[in-house]
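Have a look at the structure below before the remarks.
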Amino acid sequence: MAQPQMRRAIESGVPDNQQFMHPLLKKNYGNWKYHDRPRPGVLHHVAHDGDEVWTVRAGTQRQMDVHTIRLLCDIADQYAEGHVRFTIRSNIEFMVSSFAKVGPLIAELEQKGFPVGGTGNSVSMIAHTQGWLHCDIPGTDASGVVKALMDELYDEFRREQMPNRVHLSTSCCEINCGGQADIAIIIQHTKPPKINHDLVANVCERPAVVARCPVAAIRPALINGKPSLEVDEKKCICCGACYPPCPPMQINDPEHSKLAIWVGGKNSNARAKPTFMKMVAAGLPNNPPRWPEVAEVVKRILHVYKADARPWERLSDWVERIGWPRFFERTDLPFTKYLIDDWRGARVNLNASTHIRF
Ligand code: SF4
Ligand code: SF4
């Protein structure tokens, strides 16, 4: 019989996950009979041949030092069966083949400060972008906002008491690599970029920067005899897209880079089609280390959603049913004409051509 071909080593991308998988998950891959949740934070999978696996999910702070990772690995060796995996929302999961191991594993995790939960209709960990630690363009920290917010939503992570699952995300620039979420916290620049003309000629590829602006607000210009760029501030929508390819076009500002809150996005097809989120609060202060103003608005939206939505309504379903005017009434958030723009005018507003226009 032909031997299965090993995947060839590649220099980028994720490694083959089979090599690190718990043996029972590998054995029963794609062959599960059913699964259920015996309690919040625990998944129970039963295979057709009778094998059972319990998965215990715990929250982490995402950006982890080596000591924390070693601690989690020690817990995996001592209380689980030496295998862990991380979910897309930075929860860690430990797999065990006997129910007797679940209780001691949960006790150890909680005792070491890792809350067990994040399954079913809970507020799961926040998906976040890299923030100050890794990315070169953030206007705020993303993991910091996450830590501060999840400290306040600790109990909602450990319980399954929301109408449906709640996915949160944070993004530290308007590129929003945090993606769609029920509630998203995204940086919002409110002033056009300030250009350091001395550096542009040496650092920036000017045609690339000009082409990148979605509203064609950037033009080449000669400043003090040197080639540089200028911005038509009436056109600029403060998106920040010019800053990554041209760092001398600084847009991050301690005072004028704010945070905005968007709601109603989801990726899943369950019950209703995927939706794009819409902005419902703007101009919140970017106030590290605990971002209290942002936390207050997020908690307010969550609280009203929890009390008002019907069972299994995602946040977008709930807003769809009650309508945007009621959403603003019930959450007591001020409404302005700049909120919940659905980009119907994007075809004419935005630069949909690859041609450079001056
Ligand atoms: S949201 Fe923007 S700044 Fe943050 S990691 Fe993604 S691309 Fe970088
Ligand atoms: S790319 Fe965005 S921030 Fe930069 S000039 Fe154009 S609209 Fe303004």
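The values are calculated or read from the model by the stated rules, or taken from the named source; none is laboratory data. Since the model is a prediction, treat every value here as computed from it, not as a measurement. Reconstructed Cβ throughout: ideal geometry from the backbone, glycine too, with neighbour counts over all protein chains shown. We work out accessible area using only protein heavy atoms, side chains counted, and drop any ligands, DNA or RNA first. Shrake-Rupley method; radii C 1.70, N 1.55, O 1.52, S 1.80 Å.
Descriptive notes on the structure:
- Eligible lysines near LYS306 by straight Cα distance, threshold 26 Å, same-chain separation 8 or greater: LYS147, LYS266, LYS273, LYS278
- Computing Rg and the Kirkwood Rh from the Cα coordinates of segment 197-334 gives a ratio, Rg/Rh, of 1.13.
- Sorting the segments 231-243, 50-62 by their mean number of nearby beta carbons within 10 angstrom, highest to lowest, gives 50-62, 231-243.
- Relative packing of 210-216, 166-172, which averages over residues the other C-beta atoms within 10 Å, highest first: 166-172, 210-216
- Extending 7 Å from Cα along the Cβ direction at LEU199 and again at GLN5 yields two label points whose distance is 4.8 nm.
- Of the solvent-accessible surface of segment 90-201, computed with a 1.4 Å probe and all protein chains present, 52% belongs to carbon and sulfur.
- Heavy-atom surface of the chain, accessible at 1.4 Å and reported per residue (Å²): 55
- Between SER12 and LYS191, the simple label model (points 7 Å from Cα in the Cβ direction) yields a spacing of 3.7 nm.
- Structure-based [θ]222 nm, the chain - -39500 (n - 2.57) summed over DSSP H runs of at least 4, per residue, nearest 500: -7500 deg cm²/dmol
- Residues HIS35 and GLN78, FRET efficiency given R0 of 35 Å [Cβ-Cβ distance, rounded to 0.05]: 0.85
- Against the empirical 2.2 N^0.38 Å (N residues), segment 72-175 has a Cα radius of gyration ratio of 1.20.
- Tail fraction, Cα-Cα pairs, segment 231-283, threshold 12 Å, whole percent: 75
- R0 of 45 Å, Cβ-Cβ distance ARG310-VAL215: FRET efficiency to nearest 0.05: 0.65
- Long-range amide H partners of ARG85 with built H, under 5 Å: GLU93
- Candidates PRO248, ALA309, ILE92 compared by Cα position along the dipole of the chain: farthest toward the positive end lies ALA309, with charges placed on Cβ.
- For LYS337, a cut-off of 16 angstrom between C-alpha atoms picks up these aspartates and glutamates, skipping any fewer than 8 places away in its own chain: GLU329.
- The orientation-averaged projected area of the convex hull spanned by the Cα atoms of the chain comes to 23.1 nm².
- Taking every C-alpha pair closer than 8 Å and separated by at least 6 residues, the mean separation divided by the residue count of the chain gives a relative contact order of 13 percent.
- Reachable aspartates and glutamates, given that their alpha-carbon falls under 17 Å from the alpha-carbon of LYS26 and they are not under 8 places away in the same chain: ASP16, ASP49, ASP51, GLU52, GLU81, GLU93
- At full extension, TRP132 and LYS26 could sit 34.4 nm farther apart than now, given 0.36 nm per residue minus the alpha carbon distance.
- Partnerless Cys - the chain, beta-carbon criterion under 4.7 Å: CYS73, CYS135, CYS172, CYS173, CYS177, CYS213, CYS236, CYS238, CYS239, CYS242
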